[in-house]
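Report on the structure given below.
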Amino acid sequence: MAGRGSLLLLALIWTACRAEGGDARLDFFESKIRPVLVSSCLPCHGGKKTESGLSFRSREGLIAGGDRGPAVVPGKAESSLLVAAVRGVEPDLRMPPARALPVQAVADIVRWVNEGAVWPSDDPALAARSADRKPHWAFARVRPVAPPVDRTGWAESAIDAFLAARWSASGVIPARDAPRATLLRRLSFDLIGLPPTEDERTAFLADKSPLAYARLVDRLLASPHYGERWGRYWMDVARYADTAGDNADYPVPEAALYRDWIINAFNRDLPYDQFVRAQLAGDVLARLKQTVDPQGAVIATGFLALSRRYGTGPYELWHLTLEDTVDTTGRAFMGLTLRCARCHDHKFDPIPQRDYYALYGAFASTAFPYAGSEEFWTRKTPRKGFVAVGGNESTLAYGVAEGKPADVAVQRRGDPGQPGGIVPRGAGRFACLEMPPAGSAGAGESGRLALANWLVRPDHPLTARVIANRIWQHHFGRGLVATPSNFGRSGAAPTHPELLDWLATRLVASGWSIKALQREIVMSRAYRLASNAPAPSLAADPENRLYARFSPARLDAEAIRDAMLLVSGKLDRRMHGHHPFPPIKDWRWTQHSPFKAVYQTDRRSVYLMTQRLVKHPFLAVFDGPDTNVSTDARTRSTTPTQALYFLNNPFVREQASALADRLAAAASNPQARLEHATLAVWDRLPTPGESASLLGMIAHYKAAAGNRPGSDREAWASLAAVLFSSSEFLDVE
Amino acid sequence: MNHPREIRGTLDRRCFLGAIATAAGVPLHAALAQAAHDQGAGLRAPRPTHHAPRARRLLVVFLTGGFSHLDTFDPKPTLTRLHGKPVPSTGLRPEEAAARPLLGSPFRFTPRGQSGLMVSELFPRLGAFADDLCVIRSMHTDIVEHFQAVLAMHTGSATVPMPSLGSWLSHGLGTFNPNLPSYVVLCERLPYAGVQVFSSGFLPPIHEGVRVIPGAHSIADLEPPPRPLALAELERMMLRDIEDRYQAEPHRQARVRDRGATFEVARGMMHEAPDALDTAREPARVRALYGVAEGDRTSFASQCLMARRLLERGVRTVEIVDTGSSDNWDAHGNMHDHVPKALRVDRALAALLGDLKARGLLDDTLVAICTEFGRTPWTDGPSGKGRNHHARAFTALLAGAGVKGGIAHGQTDDIGESIVANPVHIHDYHATILHLMGIDHTRLVYRYAGRDFRLTDVDGEVVREVLA
C-alpha cells in the first residue's frame, strides 16, 4: 500500500481534470474509480515504481499491461487481470496486497471496465499536455489594463468606460440616471444599511452643488454605521457565530470582540493586506511586534478560532474542525474550494491533495481555544486556550496561538485512519502556479504568518481579485465573478475580466484601501443608473450582466429590521458590546439539553446573538447568515413565511404602532401625516392619487367603526404595517 | 388512489395558478443560473419524476435516541442464551473498550400476522400490522454520537451541514398544495442537532421543513393579532392599492406579482393550516382510535392524527419526531426504559397505519419508521441492564406504497453485533426512499460551491429486494 512515496506520485499524476460534457461514465470514473486507483494502485504501479512493469498512469498503460499481460480489456471485465486481482480469486494475484478493496469498490471497477474503461481524454500521459494548456484566468497574474476610450462621451469614470465598451455590441443602451431621491436611498442602504433620516434627506436634496453627491458619499463612508454594514458581509464569509457549534452549542461570549474588531477594521479602513494577516496570524504579528495594534491582532484570529466545533468533548472530531478552518480560509481569502482536495487531488483546479494537508498542517500546529461542551458540565473540563489581549489576563479573546508544530500526513480518501505521506506545513501553491509556493514554516512555527504574507503579496493572482469582486458584488448585487468564493474552473467566469483586474490593481496601488475602492465604485455613473430600462435593453440582457441599469434588490434581513426600528424611532444606536449570556458558573448544557436563547434588543441586527445549532427566528425568515458555512452570497427569497411575518408578527406591529404614534405627534392633518409616513418609509411624498385613495380608505374604516376612540390609531398603525410590507420599502432600486 | 384534495378557500383560479408558479423563494438577483432556472419553473410546483413513482407522499416517523434493534424487531435467541457472558466490547471512544457482559433481551418476541414476522412485546399493536411492515435488519451508519447520527439519517451527512431528505423531495418533486408547506415537521421538542435536521441547507429556503410545535402556536406568525376583521380587510385593500400603483412601471411587475403571491399563500396558510392541524375536528371515534383525549393538542397520538390530516391535504413530506434530545430511546441504564417510550407511540402508530390504509392513502404514501442507530448486544454502565450506542447494525422500517410487507431484509449475526447479509447503509435507505418516490438518487443533484451535491453523496444503492 501507499507509503511515503505516494505523495510524490500524487504530485506526479496531478492533472487538472475537467468534467467533460456531462458524460456519466466520466463522472463515475472521477467519483468512484480515480480515487481508488490513486490510493490503492498508483503507489506501486505508476511513478518511480512500476511493479510488474504495470503502470496505472494512463488508460494506455493499463491496456498495454505488464509482465502478466493486459491489465484491462475495455468492455470485458471477466477478461481483465485488474478485475481478477481486486477480486482476489487467485491467491498469487491478489491486489492490493495488504488489504482487499471494499466490495463496492470491486463492483465499481467491474462496471467501469465493462462500460469501456472510460478515462478523461485530457488526462495523464497528459502530465505533459497539461503544461501547454493556458492557465485558468484566475490563476494567472493580474494584468494592468488601461480603461478603453469611450467615444460616446457617456462615461464619467474608468469603471464606466469598461462597462460601456460592451454595450453597443450587445444591443444595450444605458438607463437614465436615477433620480436624486432614489440615489440617496440606494446609497444610504448600501453604505450604512439604514435609510436616510428626514434631516439627512432634506439636507441632501437642498444641496444643489455639483459636489453634493460626493459629499454624501464621504459622509456615509465616515459614518460609524458603515462598519456595521460592511463588517457584516465579512462576518458571513467568516461564518461568524456566538456559539461554538459543538453538540450542546456552548456560547462564546468573547466572539463579540472579534465581531467588534471587524466593524472597527472597516470603519478605520484597515488596509486589506493587514486585515488578512491579522486574521490568519495576528497572534504571531503581536509577538513579533510587527503590528501597530497588537491587541486587535490577537482578537482578529477569532477568524480561525471560530471554526465549527463538533462532538461532546474538548477537541473531539478535531479533523472536522480543521477541515472547516481549511475550507473557510480557502474560500474567504483565495476564492478556492479546497475541501475537494481533502480526499483526492482537486477535480477541477490544480490543487494537489498535499496542498490541502499543507494548510491543514499549519492549523494542526495551532492552538485553538476550547469554549466548553457537554463535558464542561459532566467532567468539569474548564474552558481553555483563550488568549490574553495585550498581555492582560483580565481580557481574554477567543483567538488562537502557536501550538506544537508538526507536519501532518495526507489522509488518504479523507480518512484519518489511512495516513499517507507527510507534507511540510504551510507550503503550497494553491493553484497559483506562476507564483513561488508559500514559504514553509520555520522550526517552531505553525507557518500561518508565512502563508498570510504569501497571500498578500502584490503579485498574488487571487487575493486582490477576490476581495475586489466581493466589494463590487455588494454594491451591484452580483459579483463580476458570480461565484465570489469560487474562482476556480468550476466557478463562474468573470463577465468583465479587464474591469476586475483594473479594480484589483487599483486596490493594491491604493495601499489596499477598501474605502478608496468603494468610493471609486459608487462615484461611477454606472452605479447611479435608474432601475428601469428601455425594453430592447431588457430583452437583450434580462439578467443585467452588463450593468446598463441598476438591479433592484430586496433588503437583507438586517436592513429590514434596522430600517423598521429607525423609522419607528426605537433604534438603539449604541455600538459593540456583549450578549447577556448567563454566568459561566451556571453553564450546564448537554447534547440532551443544548444551549438555546434569543435575546431581545432594539440595537442593530449585526448585534443579534446568532447560534450555530438554532437559527435566530427573525434572521431565519429573511435568509439571514448561515453560521455554519462560509457564505459568499445570501439567497434573497420572497416566501410565504415572510408574508406571515409582516401580517402577524408582534415586532412588526410594535414598530407600526410606534410609527403611528410618531405620525400622530407630528401632525393632526391626515394629509400631513401621510406625507410624514411615506417620507419615512419610502423617502418620497405620496402622489395625489395615493393620498386620495389611502386617506379615503382610512376615513371609510373609521366611519364604519363609528369613529370610536382608538379607531384612528388602529387605522394608522395598519397603514404603517402595510408600508413595511410594501415592495417599495423592501426593494431598493 | 386517493388524490390530494382540491385547493379550497378564497383563492380564485388566477391567484391559484400564480401561487403555484411563485409559491416561494424568488431571488431578485438571478445571480446564478440555477436560481434563474428555479425561478422560471416555480420552486414548489409539482415536477415530473424520473420514473413512475410508487409513492407520492412520504411520512417519516423518527424515534429519537436510538431504539434497540435487539429488543424490537431483530430477535436474538443466542444472545439470550449467552446472557451474562463477557465479550470484548468497543466503547464510544477507544479508551472505553473493555470486556462487557452480553445482555439478552428482557422482552418476548412472537410471530405476528400471516407472515409470522417477529415483533417484540414492546409493539403489540404495531405488530398487528406485521404484514405491512418491511423490517430492514441490516442498517448501518458511520458515527455513534447522537448528534452526528441523527444528522446523517436526515441529511446523509454526519459532518458538514446538508439539506434534509424532505427538503430534497420538495426541491425534486414540488408539492401538491401551495397553501401548505411542502415539508412539515411535527416536532414538539427538538432532536439532537436541532433545526439542522430539517434544514434546506444550500437549497432555496422555501424547501426547509416548517416546524410545527403542537400546541397553541404551532406555526410562527400563523395567527393574526387580535383585531377587528375590518382592520385586516383595510390592510389588505391598502396593500393591494399600494402595490398596484408601484407596479405601474413594467420593470417592477414580476417582483410585485411574486410578492403578492406569497401574501396569498400566507393567507391560504392562515386559512387552511389551523384546520389541518386541528385534531379536534376529527370525529370522536377516530380520535379514540389514535388515543387522542379531549383537549389534547400535544401528544404523540395527536401528532399522528395531524400527520394524516396534512398528508391528505397534499403535503409532500410529513415527519413526526417522537421526542427531543432528552428522555428518549437512549437506554444506557435499563432496557425497561424502552417500555414507556414504546407505550407512547405503539397505539398511535398502529392507528395511523390502519387509518391511512382504510382511506386508501397507504396506496400512495410511503412510511419510514427509523432512528439514528442501534444498541450494543453487551451492557453499558454499572447497572448492567442498559445498552450503549451501536452503529454497525440497527433496524429501520418501511411500509406502504411500493414496499413488500411482512418481510425482514438483511441479517445480523447471532448476537446482533454485525451484519452478515445484505448491508443497508443510510445512503441505501435514502436511495430506496427516493426511488419509490420516482427519483433516481444519482440524478437529484444541486450545484453548489462549484460541485453537484446529492442526498446520497457518491454512494447509495436502491435496495431492490424490498420493492413490491
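The values are calculated or read from the model by the stated rules, or taken from the named source; none is laboratory data. Not measured: the values here are computed from a predicted model. Reconstructed Cβ throughout: ideal geometry from the backbone, glycine too, with neighbour counts over all protein chains shown.
State which residue is farthest from the other protein chains (Cβ to nearest Cβ) when the search covers only segment A:663-680 and only residues that are farther than 17 Å from A:L205 by Cβ and among the aliphatic types (A, V, I, L, M). Only one residue fits best here, namely A:A665. For segment A:504-523, the condition of being of a type in the set (A, V, I, L, M), farther than 30 Å from A:D349 by Cα and within 14 Å of chain B (Cβ to nearest Cβ) holds for none of the residues.
Report yes if some residue within segment A:701-713 is closer than 21 Å to B:R245 by Cβ, more than 10 Å from chain B (Cβ to nearest Cβ) and of a type outside the set (D, E); otherwise report no. So far as segment A:701-713 goes, no, none of its residues is closer than 21 Å to B:R245 by Cβ, more than 10 Å from chain B (Cβ to nearest Cβ) and of a type outside the set (D, E). For segment B:198-239, give me each residue that is over 30 Å from B:V321 (Cβ atoms) and buried (at least 18 other Cβ atoms within 10 Å of the Cβ). Within segment B:198-239, B:L231, B:L234, B:E235, B:M238, B:L239 meet the criteria. Only helices (runs of 4 or more DSSP H) whose full extent lies in segment B:189-298 are considered here, and the ones with at least 2 residues that are among the small types (G, A, S) and touching a residue at least 40 places away in the same chain (Cβ under 8 Å) are B:253-277. Just the residues that are in contact with a Ser or Thr (Cβ under 6 Å, 6 or more places away or on another chain) and either more than 9 Å from chain B (Cβ to nearest Cβ) or aliphatic (A, V, I, L, M) (or both), please, taken from segment A:460-495. Of everything in segment A:460-495, those that are in contact with a Ser or Thr (Cβ under 6 Å, 6 or more places away or on another chain) and either more than 9 Å from chain B (Cβ to nearest Cβ) or aliphatic (A, V, I, L, M) (or both) turn out to be A:L480, A:A492. Tell me yes or no: at least one residue of segment A:284-300 is under 19 Å from A:D242 (Cα atoms), in the same structural domain as A:R413 (by TED's automatic domain parsing) and under 19 Å from the mean Cα position of the chain (by Cα). Yes, the conditions are met somewhere in segment A:284-300. Going residue by residue through segment A:245-266, is there one that turns out to be under 30 Å from B:F147 (Cβ atoms) and hydroxyl-bearing (S, T, Y)? Looking through segment A:245-266, at least one residue is under 30 Å from B:F147 (Cβ atoms) and hydroxyl-bearing (S, T, Y). I need the full set of residues from segment A:324-342 which are modelled with pLDDT of 95 or more and among the basic types (K, R), in order please. Result: A:R331, single match. Pairing residues of segment A:78-89 that are under 15 Å from A:E115 (Cβ atoms) with residues that are not in a helix (DSSP H, G or I), at Cβ distances under 6 Å and at least 6 apart in sequence or on separate chains, gives A:S79/A:V73; A:S80/A:V72; A:S80/A:V73; A:L82/A:A71; A:L82/A:V72.
Restricting attention to segment B:139-151 and to residues that are under 30 Å from B:D363 (Cα atoms) and within 14 Å of another protein chain (Cβ to nearest Cβ), the residue that is surrounded by the most Cβ atoms within 10 Å (Cβ to Cβ) turns out to be B:V150. Cβ-Cβ below 7 Å, separation at least six or inter-chain, first residue in segment A:549-573 and within 14 Å of chain B (Cβ to nearest Cβ), second among the β-branched types (V, I, T): which pairs? Pairs found: A:P552/A:V732; A:A553/A:V732; A:R554/A:T638; A:L555/A:V732.
For segment B:212-226, give me each residue that is in contact with a helix residue (DSSP H, G or I) (Cβ under 7 Å, 6 or more places away or on another chain) and either more than 7 Å from chain A (Cβ to nearest Cβ) or not charged (D, E, K, R) (or both).
Residues satisfying the conditions are B:V212, B:P214, B:S218, B:I219, B:A220, B:L222, B:P224, B:P225.
Of the residues in segment B:98-119, at least one is surrounded by fewer than 24 Cβ atoms within 10 Å (Cβ to Cβ), of a type in the set (G, A, S), at positive phi and modelled with pLDDT of 95 or more.
The criterion of at least 3 residues that are over 30 Å from A:S605 (Cβ atoms), out of contact with any Cys (no Cβ under 7 Å at 6 or more places or on another chain) and touching a residue at least 24 places away in the same chain (Cβ under 8 Å) is met, among helices (runs of 4 or more DSSP H) falling completely within segment A:636-728, by A:688-704.
Scanning segment A:408-437 for residues that are surrounded by fewer than 21 Cβ atoms within 10 Å (Cβ to Cβ) and closer than 9 Å to A:A358 by Cβ, we see that the one that is modelled with the lowest pLDDT is A:P437.
Go over the candidates A:A504, A:A509, A:A526, A:A493 one by one and state the one that is surrounded by fewer than 19 Cβ atoms within 10 Å (Cβ to Cβ) and touching a residue at least 24 places away in the same chain (Cβ under 8 Å).
Just a single option satisfies the conditions, and that option is A:A493.
The strands (runs of 3 or more DSSP E) located wholly in segment B:339-422 that include 1 or more residues which are of a type in the set (A, V, I, L, M, F, W, C) and in contact with an Asp or Glu (Cβ under 6 Å, 6 or more places away or on another chain) occupy B:394-400, B:419-421. Residue-level check: of (1) modelled with pLDDT of 75 or more; (2) under 22 Å from A:R413 (Cα atoms), A:G116 misses just (2).
Applying the criterion of being within 20 Å of the chain's Cα centre (by Cα), outside any loop (DSSP other than H, G, I, E, B) and within 14 Å of chain B (Cβ to nearest Cβ) to the residues of segment A:580-620, the residue that is modelled with the highest pLDDT is A:L619.
Here's the yes/no breakdown for (1) facing chain A (nearest Cβ under 10 Å); (2) more than 15 Å from the chain's Cα centre (by Cα); (3) under 27 Å from B:V403 (Cβ atoms):
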{"residue": "B:D131", "(1), (2), (3)": "no, yes, yes"}
{"residue": "B:M153", "(1), (2), (3)": "no, no, yes"}
{"residue": "B:G156", "(1), (2), (3)": "no, no, yes"}
{"residue": "B:L165", "(1), (2), (3)": "no, no, yes"}
{"residue": "B:V185", "(1), (2), (3)": "no, no, yes"}
{"residue": "B:F198", "(1), (2), (3)": "no, no, yes"}
{"residue": "B:V210", "(1), (2), (3)": "yes, no, yes"}
{"residue": "B:A230", "(1), (2), (3)": "yes, yes, no"}
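Among the residues that make up segment A:312-323, is at least one of them within 21 Å of the chain's Cα centre (by Cα), within 30 Å of A:A468 (Cβ to Cβ), modelled with pLDDT of 85 or more and not assigned by TED's automatic domain parsing to the domain that holds A:F29? Within segment A:312-323, one or more residues are within 21 Å of the chain's Cα centre (by Cα), within 30 Å of A:A468 (Cβ to Cβ), modelled with pLDDT of 85 or more and not assigned by TED's automatic domain parsing to the domain that holds A:F29. For segment A:687-700, a residue qualifies if it is touching a Leu at 6+ places or on another chain (Cβ under 7 Å) and either charged (D, E, K, R) or facing chain B (nearest Cβ under 10 Å) (or both), and the qualifying residues are A:L694, A:M697, A:I698.
Within the group A:P534, A:P583, A:P542, which residue is in contact (Cβ under 8 Å) with a residue 24 or more places away in the chain, surrounded by fewer than 17 Cβ atoms within 10 Å (Cβ to Cβ) and more than 18 Å from A:L187 (Cα to Cα)?
Selected residue: A:P534, the only one of A:P534, A:P583, A:P542 that is in contact (Cβ under 8 Å) with a residue 24 or more places away in the chain, surrounded by fewer than 17 Cβ atoms within 10 Å (Cβ to Cβ) and more than 18 Å from A:L187 (Cα to Cα).
Across segment A:178-189, the number of residues qualifying as out of contact with any Pro (no Cβ under 7 Å at 6 or more places or on another chain) and closer than 11 Å to A:E733 by Cα comes to 7.
For the subset of segment B:240-298 comprising residues that are within 29 Å of A:F724 (Cβ to Cβ) and among the acidic types (D, E), which member is surrounded by the most Cβ atoms within 10 Å (Cβ to Cβ)? Looking at the filtered set, the residue picked out is B:E264.
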